[in-house]
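Okay, so here's the structure we're looking at.
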Amino acid sequence: MQQQPENIRTKNLIVVVGPTAVGKTDLCVNLATHYKTEIISADSRQFYREMSIGTAKPTQEEQQGIPHHFVDSHSITEEYNAGAFEQEALQLLEQLYQKHDVAIVTGGSGLYVRALCEGMDEMPETEPTIREQLTHILQTEGLEALLQKLKEVDPVYYSQVDKANQQRVIRALEVSLSSGQPYSSFRKSERVERPFRIIKIGLTRDRQELYNRIDQRMDLMLEQGLLEEAKALYPYRQHNALQTVGYKEIFDYLEGKYDWDEAVRLLKRNSRRYAKRQLTWFTKHPDEYTWFHPQQLPDIIRFIDETIV
C-alpha cells in the first residue's frame, strides 16, 4: 500500500445525537467554536424554511456566527428524504474538509444520521399514486388499517417497525406495493466505509430533567406563535415532515377533534414520548455511542482529542 504524505491528515466527523431538548445546539456550537469548524444539521424537519418554531430551529443568536448547513435549505413544497440528504451532505463534507480537519453533524433524526455515517439501502422507484392511496387510508381508516396491510405484505418488517411511526409504515407499504417485493428485502443493511473517521457522541440527561425541559420548550414555542405557524402550514399537513409531534396535535385541534387545553397536554405528552423513542433508537447498539451530559464539555473535548490523536 502506498504511504500517504505526512502532511495529509485524517479527516474527522463528530456526530452528536440525543433526544429533543437535551441541549445539542449549545454543545455543538461550543464544539464548533473550539475546533474552528462548521455544523451540519441532520434534523429532518429543520431543513424546511417554513417550519421554524415547531422544530426549535437555532436562531441566529444561538448559532453564534457558526455556519449551520441544512437549516432552512429546502421548502416544505419539496419532497426530501434520507437518501438525498446522504448524497448532498457527503458533497458538502468534501468541501468542508478542504479547509477543516473536523466537521460536526448533529440531530435527533436517527435515519438521517445513519444515512450519512453508513449509507442507505438502494430502494426501487415508487408509484406516486400509491402514496396518495395510503394517505387516504390513513385519513379515513386510521393507522391500524395500514399496519394490518403491512403485516400481510411484509411480516418481517412489521415485526421490526415502530408501530406509532406512520411515516415508516407508509414508506414500507409504498415500496412493497410498488415493487411487488417486501420492503424488508431491500434493507440489506450493508455499512459503507466512509473516507473519514467518525466519532459518535450521545447526549442525555436525567429523565425527569429532560421531561421538564421538553415541557418548558413547548410553553416557549406556544408563546412564540406555534399556533399561527401551524395555521399557515395547514394546507401542507399531508407532507411527511408535518406528520409529526408539534404540528399534528394543532392540526387536530384546528379540525375540532379536541379543545385547546387538550391540544397543549398532547403536545407535551407526545413530545416526551418522541424523546423516549429517540433514545431507544440511539441506544439500540450500546457500544456505538459514548454518552455524556451536555454540560460535560471539557470531558467531551478530551474524549474527541484522545480519539483523533
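The values are calculated or read from the model by the stated rules, or taken from the named source; none is laboratory data. Worth saying up front: this structure is predicted, and the values here are computed from it rather than measured. Every residue, glycine among them, receives a Cβ derived from its backbone with ideal geometry; neighbour counts consider all protein chains shown.
Before moving on, here are some points about what is shown:
- Leading residue by the ranking (nearest to Thr204 (Cα to Cα)) among those in the stretch 279-294 that are touching a residue at least 40 places away in the same chain (Cβ under 8 Å) and out of contact with any strand residue (DSSP E or B) (no Cβ under 8 Å at 6 or more places or on another chain): Leu279
- Enumeration of residues in the stretch 65-89 that are surrounded by 14 or more Cβ atoms within 10 Å (Cβ to Cβ) and either touching a residue at least 60 places away in the same chain (Cβ under 8 Å) or not in a helix (DSSP H, G or I) (or both): Ile66, His68, His69, Phe70, Val71, Asp72, Ser73, His74, Ile76, Tyr80, Asn81
- Test: residue in the stretch 156-171 that is more than 17 Å from Ala241 (Cβ to Cβ), at pLDDT 90 or above and surrounded by fewer than 14 Cβ atoms within 10 Å (Cβ to Cβ): yes
- Residue match in the stretch 94-105 (condition: farther than 27 Å from Arg237 by Cα and of a type in the set (S, T, N, Q)): yes
- Filtering the stretch 106-139 to residues that are under 30 Å from Pro19 (Cα atoms), touching a Phe, Trp or Tyr at 6+ places or on another chain (Cβ under 8 Å) and touching a residue at least 40 places away in the same chain (Cβ under 8 Å) leaves Gly110, Tyr112, Leu116, Asp121, Glu122, Met123.
- The set of residues in the stretch 82-110 being over 22 Å from Lys24 (Cα atoms) and either touching a helix residue (DSSP H, G or I) at 6+ places or on another chain (Cβ under 9 Å) or at pLDDT below 95 (or both) consists of Gly83, Ala84, Gln87.
- Residue list for the stretch 243-281, filter: within 18 Å of Gly107 (Cβ to Cβ) and touching a Phe, Trp or Tyr at 6+ places or on another chain (Cβ under 6 Å): Val245
- Asp162 being assigned to a loop (DSSP other than H, G, I, E, B) and either touching a Phe, Trp or Tyr at 6+ places or on another chain (Cβ under 7 Å) or closer than 24 Å to Lys276 by Cα (or both): yes
- Filter result for the condition that a residue is in contact with a Pro (Cβ under 6 Å, 6 or more places away or on another chain) and closer than 26 Å to Lys11 by Cα, over Glu118, Glu38, Glu88: Glu38
- Residue satisfying all of: in the stretch 90-115; in a loop (DSSP other than H, G, I, E, B) and not charged (D, E, K, R); farthest from Lys36 (Cα to Cα) among these: Ser109
- With a requirement of 2 or more residues that are among the basic types (Lys, Arg) and on the phi < 0 side of the Ramachandran plot, the helices (runs of 4 or more DSSP H) lying completely within the stretch 198-309 that satisfy it span 207-224, 260-282.
- Looking across the stretch 20-49 at every residue that is part of a loop (DSSP other than H, G, I, E, B) and touching a Phe, Trp or Tyr at 6+ places or on another chain (Cβ under 8 Å), the one that is nearest to Gln295 (Cα to Cα) is identified as Thr20.
- Residue match in the stretch 111-120 (condition: among the charged types (D, E, K, R), in contact with a Lys or Arg (Cβ under 9 Å, 6 or more places away or on another chain), surrounded by 15 or more Cβ atoms within 10 Å (Cβ to Cβ) and modelled with pLDDT of 95 or more): no
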